Amino acid sequence: MVTADEFEIEELTKKLENHLIETQSSWLKSHFSLVYRSIFSRNSFKDLEKFCNDIVAKYPNLIFDAEDFTSLQESALVSLLKRDDLQLEEVIIWEYIIKWGIARNPTLPVDLKEWNKENFTTLKTTLQCLPLIRYFHITGIDALKKIKPYKKILDKQLWEDLTQYFIAPDQPVESIILPPRTTFAQELPTRTTKPISTIITYEHVAEISSWIDRKSVLIL
């Protein structure tokens, strides 16, 4: 499919894309991370991109807990952060973003206490997706523990507004307050070091397969 796109054979590319979505459920499941990265290496697979993002939004650990998460293209990360239905707590999203940004800059000191102004500037420059994080839906204690250590990568006004918001939430702020993400009834996933196979249950795999096969299977 990528080869067809490289030769700009639009009709063939579209047919192959639809073929993957409609008939190759097993292959897609086995190569999900590979497929996900491939579709963002170009800008031609919009149907497949949306299809995969619909899955990742509900089961974000498929990508965020993958061993090669930090090599994910920025465009893929941005496309996920823009979604209102991404099923992760905002503070966990923040942690993943920080992890991704630091991995992109291997020369940054391991110990945050050793960071200088230039180090924070480097990370801020890398993380162009920072405005997509919904800071005002992070608890005060999480902001204190997780965000404050990196507050130098935020705009000064944003940090001031966050501080004010936690003290007096009814008072107006200058920063834009993005709406909260829409969560499903199921419990939001939390970060884990367990293998993905122990996070995604057989029921989840069955449901993902049903999406790919265009069937309706409910998780009981």
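The values are calculated or read from the model by the stated rules, or taken from the named source; none is laboratory data. Predicted model, so just to flag it, every value in this text is computed and none were measured. No Cβ is skipped: glycine too gets one built from the backbone with ideal geometry, and neighbour counts run over all protein chains shown.
Set side by side, the residues L62, L80, L48 differ, and just one is touching a helix residue (DSSP H, G or I) at 6+ places or on another chain (Cβ under 7 Å) and closer than 13 Å to I133 by Cβ, which is L80.
Flag set for D155, criterion: modelled with pLDDT of 95 or more and not β-branched (V, I, T).
Let's see how each residue does on (1) in a loop (DSSP other than H, G, I, E, B); (2) within 27 Å of D68 (Cβ to Cβ):
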{"residue": "W100", "(1), (2)": "no, yes"}
{"residue": "N105", "(1), (2)": "yes, yes"}
{"residue": "K113", "(1), (2)": "no, no"}
{"residue": "F120", "(1), (2)": "no, yes"}
{"residue": "A143", "(1), (2)": "no, no"}
{"residue": "K146", "(1), (2)": "no, yes"}
{"residue": "W159", "(1), (2)": "no, no"}
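Scanning region 61-97 for residues being surrounded by fewer than 16 Cβ atoms within 10 Å (Cβ to Cβ), without any contact (Cβ under 8 Å) to a residue 40 or more places away in the chain and either part of a helix (DSSP H, G or I) or among the aliphatic types (A, V, I, L, M) (or both) gives a total of 3. Scanning for something among the acidic types (D, E) and more than 18 Å from K58 (Cα to Cα), does region 79-94 turn up at least one residue? No: region 79-94 contains no residue that is among the acidic types (D, E) and more than 18 Å from K58 (Cα to Cα).
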